[in-house]
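For reference, the structure is listed below as structure tokens.
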Amino acid sequence: MNDWQEITGGVTAPRGYRAAGITAGLKPSGLPDLALIVSDVEAIAAGVFTISQVKAACVDYCRQRLLSKHSARAILCNAGQANAATGNEGWLDALECAMLLGQELNMPSESILLASTGVIGQRIKMEPLRSGIGKLVAALSETGSDAAAGAIITTDLVTKSIALETSIGDRPVRIGGIAKGSGMIHPNMATMLAFVTCDAAVAPTLWQEMLSRAADRSFNSITVDGDTSTNDSLIALANGQSRTPAITEMGAEAEKLEAMLTAVCQHLAKAIARDGEGATCLIEVQVSGASNEQAANQIAKTIVGSSLVKSAIFGRDPNWGRIAAAAGRAGIPFEQENLQIKLGDFLMMENGQPIPFDRNAASAYLKQAAANASKAQDMMATNMSNDLSGDRSTIKAQSLDNPVIIAVSVGNGHGSGKAWGCDLSYDYVKINAEYTT
């Protein structure tokens with residue numbers, strides 16, 4: 001049983017945070033495109049970023065800032081232009097963004113972190129951004145998380161947000177998060193952005209270690225299309241406003257906080273995978289019996305990233321041979337006679353041998369999973385576009401708690417792991433074939 005409960009509020013659920021999202025004119029669509037998260041006080045900051053050798057200016061900027069200073073007060077995110085592969089001009093644009101916001105918030109630019117998303121090779125449209133900074137700061141609110149979540153998305157169909165609460169030292173502690181991502185998603189920080197806020201007090205090195213482990217078990221365990229982005233950024237702030245004693249080393253309280261942080265990241269990661277471009281369902285691959293967690297995760301990622309597996313799921317074809325083939329090429333040694341494969345409740349392979357199963361019923365399982373996911377996703381999209389005040393958490397749970405389950409065992413080891421992805425549909429090609437035209 002979890003030691004936390006879900007609450008409303010996203011990144012503004014933890015104490016001492018405000019957020020905003022506005023339309024500044026960066027996107028040609030006229031949709032919201034500029035977001036801001038601000039802590040009332042200086043917060044411990046940590047980050048995990050893309051491993052791509054082609055990086056956006058905001059990624060280089062944040063890495064430099066976090067190397068010299070382990071704290072921040074604000075995160076500014078623009079949508080519409082990735083500001084990646086834009087040379088020195090793009091770097092100067094990033095510096096100006098931080099300077100302008102610092103002046104408006106009356107804080108040093110060194111306390112500001114940046115993120116961008118949009119078309120690679122395009123610089124930020126600085127004129128509308130300059131005009132929008134004042135409006136953005138004026139819109140800051142303790143209930144502004146949904147507006148911020150809506151301003152960071154690009155091809156996403158729905159926003160992604162979550163907030164959880166637990167007790168540490170008899171005081172409530174909260175973690176909230178928002179994210180965006182739908183395409184160009186692959187393990188090793190996959191284009192995705194995620195921003196996490198926390199009101200606990202945590203030592204800088206420990207907070208970074210917690211975030212890195214949480215990223216490995218969430219954002220680094222999802223794939224949509226096998227492409228890693230130039231802009232991937234996961235940034236987490238911890239401002240200490242819960243007034244709980246500082247957590248400075250691993251122990252029961254640190255483990256409790258890290259478990260909740262991981263749960264927030266996993267929820268956002270699964271929401272990204274479910275909202276994959278053209279996707280009709282979420283896929284969860286569970287691997288057990290490996291020599292260690294890393295080996296299990298590698299097998300799981302390989303299976304969920306297989307274009308053949310993803311295509312079969314889209315076609316509602318219970319083709320277990322593709323799952324076996326993907327597991328076999330994952331680069332992890334195991335004995336074929338130990339391989340077991342299940343799709344939902346359907347056992348398809350045991351001891352490395354095929355098992356008779358009801359193929360029609362297994363196909364129906366895939367069809368039902370897609371139907372349930374589609375219904376929940378439609379409800380979320382309607383909720384977002386109409387800004388309804390219904391029970392969003394229930395809708396989100398319906399979308400994420402009914403994935404297609406692929407369970408694979410490769411032996412008797414203690415290593416287990418999970419990875420998440422989505423099916424590969426015709427619409428993925430339609431969306432990406434004319435992305436810039």
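The table for this structure:
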quantity	calculated
Flag for CYS58 being at pLDDT 95 or above, in contact with a Gly (Cβ under 6 Å, 6 or more places away or on another chain), buried (at least 21 other Cβ atoms within 10 Å of the Cβ) and part of a helix (DSSP H, G or I)	no
ILE247 vs. criteria under 25 Å from SER111 (Cβ atoms), assigned by TED's automatic domain parsing to the domain that holds ALA84, in contact with a helix residue (DSSP H, G or I) (Cβ under 9 Å, 6 or more places away or on another chain) and β-branched (Val, Ile, Thr)	yes
Complete set of residues in the range 245-260 that are of a type in the set (A, V, I, L, M), part of a helix (DSSP H, G or I) and touching a strand residue (DSSP E or B) at 6+ places or on another chain (Cβ under 6 Å)	ALA254, MET260
Options ALA327, ALA300, ALA296: the member that is more than 15 Å from ASP216 (Cα to Cα) and of a type in the set (A, V, I, L, M)	ALA327
Qualifying residue in the range 371-383 (condition: assigned to a helix (DSSP H, G or I), surrounded by 15 or more Cβ atoms within 10 Å (Cβ to Cβ), modelled with pLDDT under 95 and touching a Gly at 6+ places or on another chain (Cβ under 7 Å))	yes
One residue from GLU335, GLU284 being of a type in the set (D, E, K, R), over 28 Å from GLY177 (Cβ atoms) and either surrounded by fewer than 24 Cβ atoms within 10 Å (Cβ to Cβ) or touching an Asp or Glu at 6+ places or on another chain (Cβ under 6 Å) (or both)	GLU335
Selected residue [of a type in the set (A, V, I, L, M, F, W, C) and surrounded by 24 or more Cβ atoms within 10 Å (Cβ to Cβ)] from ALA254, ALA273, ALA259	ALA273
Considering residues of the range 400-421 that are touching a Ser or Thr at 6+ places or on another chain (Cβ under 9 Å) and of a type in the set (S, T, N, Q) only, the residue farthest from ILE303 (Cα to Cα)	SER416
So ALA326, is it modelled with pLDDT of 95 or more, within 20 Å of the chain's Cα centre (by Cα) and either part of a helix (DSSP H, G or I) or not assigned by TED's automatic domain parsing to the domain that holds ALA361 (or both)	no
Among the candidates SER242, SER233, residue that is assigned by TED's automatic domain parsing to the domain that holds VAL11, touching a strand residue (DSSP E or B) at 6+ places or on another chain (Cβ under 8 Å), more than 27 Å from LEU308 (Cα to Cα) and at pLDDT 95 or above	SER242
Exclusive hit being outside the structural domain of GLY413 (by TED's automatic domain parsing) and touching a strand residue (DSSP E or B) at 6+ places or on another chain (Cβ under 7 Å), set LYS301, LYS270	LYS270
Residue list for the range 154-183, filter: assigned to a loop (DSSP other than H, G, I, E, B) and touching a helix residue (DSSP H, G or I) at 6+ places or on another chain (Cβ under 9 Å)	THR155, ASP156, LEU157, VAL158, THR159, GLY169, GLY181, SER182, GLY183
Residue tally, condition closer than 25 Å to SER52 by Cβ, among the small types (Gly, Ala, Ser) and surrounded by 21 or more Cβ atoms within 10 Å (Cβ to Cβ), over the range 75-116	9
Single match in LYS418, LYS396 (criterion: modelled with pLDDT of 80 or more and either not acidic (Asp, Glu) or not assigned by TED's automatic domain parsing to the domain that holds ILE332 (or both))	LYS418
Top-ranked residue of the range 289-323 - restricted to ones that are of a type in the set (Gly, Ala, Ser) and part of a loop (DSSP other than H, G, I, E, B), ranked as surrounded by the most Cβ atoms within 10 Å (Cβ to Cβ)	SER306
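The values are calculated or read from the model by the stated rules, or taken from the named source; none is laboratory data. This is a predicted model, so every value here is computed, not measured. Cβ atoms come from the backbone with ideal geometry, glycine included; neighbour counts cover every protein chain shown.
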